[in-house]
Amino acid sequence: QVQLVESGGGLVQPGGSLALSCEVSGSIDTNYAMGWFRQAPGKRRELVAQITSGGKVVYGDFAKGRFTISNDNAKKTAYLQMNSLKPDDTAVYYCNFAVSGMNSWGKGMLVTVSS
């Protein structure tokens with residue numbers, strides 16, 4: 001029942017950067033986790049990055065060293081900075097918000113990395 005407003009996505013050249021954001025509507029629990037999963041055609045959905053309200057982060061292996069997730073509890077927004085993008089990063093990126101065992105999903109933002 002939580003509404004997620006996603007922004008970002010688009011076309012970027014290999015080696016370039018792109019930033020995503022996801023804002024949660026209304027007041028939220030003090031304990032939450034949010035971030036992004038991605039899914040490319042023919043591939044399984046995979047974790048990109050996740051951050052908790054306490055600031056703990058988890059990255060997918062492919063994202064380590066290239067992507068940075070952060071959050072702003074006051075703005076109820078998470079941010080994903082993606083650098084050194086590769087063609088294999090092309091996918092639909094879905095914002096995810098989890099609290100008390102409940103998951104909410106954004107509609108997804110297409111990220112295309114191509115020359």
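The values are calculated or read from the model by the stated rules, or taken from the named source; none is laboratory data. What you see is a predicted model; the values in this text were computed from it and never measured. In this analysis, Cβ positions are derived from the backbone assuming ideal geometry, glycine residues included, and neighbour counts consider all displayed protein chains. These accessible areas exclude ligands, DNA and RNA; they are computed on the full protein's heavy atoms, side chains included. Shrake-Rupley method; radii C 1.70, N 1.55, O 1.52, S 1.80 Å.
Below is a table of values for the structure above.
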{"quantity": "Aspartates and glutamates whose Cα lies under 14 Å from that of Lys43, excluding same-chain neighbours fewer than 8 positions away", "calculated": "Asp88, Asp89"}
{"quantity": "Extension gain from Gln39 to Phe62, taking 0.36 nm per residue of separation minus the Cα-Cα distance", "calculated": "7.0 nm"}
{"quantity": "Hits among lysines - C-alpha to C-alpha of Lys76 under 22 Å, sequence gap 8 or more where chains match", "calculated": "Lys56, Lys107"}
{"quantity": "Antiparallel content of DSSP bridges confined to the chain, in %, to 5", "calculated": "95"}
{"quantity": "1.4 Å probe accessible area per residue over the chain, in Å²", "calculated": "54"}
{"quantity": "Cα-only Debye scattering, the chain: base-10 log of I(q)/I(0) at q = 0.16, 0.19 Å⁻¹", "calculated": "-0.67, -0.93"}
{"quantity": "Nearest-20 debye value, the chain charge dipole, Cβ charges on Lys, Arg, Asp, Glu", "calculated": "160"}
{"quantity": "Of all accessible heavy-atom area on the chain, the percent that carbon and sulfur account for (1.4 Å)", "calculated": "49"}
{"quantity": "Sparse-neighbour loop sites [trypsin sites (Lys or Arg not before Pro); the range 1-67; at most 14 other C-beta within 10 Å; DSSP]", "calculated": "Lys43, Arg44, Arg45, Lys56, Lys64"}
{"quantity": "Nearest-0.05 FRET efficiency for Lys107 and Thr52, computed from C-beta distance (R0 30 Å)", "calculated": "0.85"}
{"quantity": "Positive minus negative residues near Gly106 (Lys, Arg vs Asp, Glu; Cβ under 14 Å)", "calculated": "+2"}
{"quantity": "Label-point gap, in nm, between Gln81 and Asn31 - each point 7 angstrom along Cα→Cβ", "calculated": "3.0"}
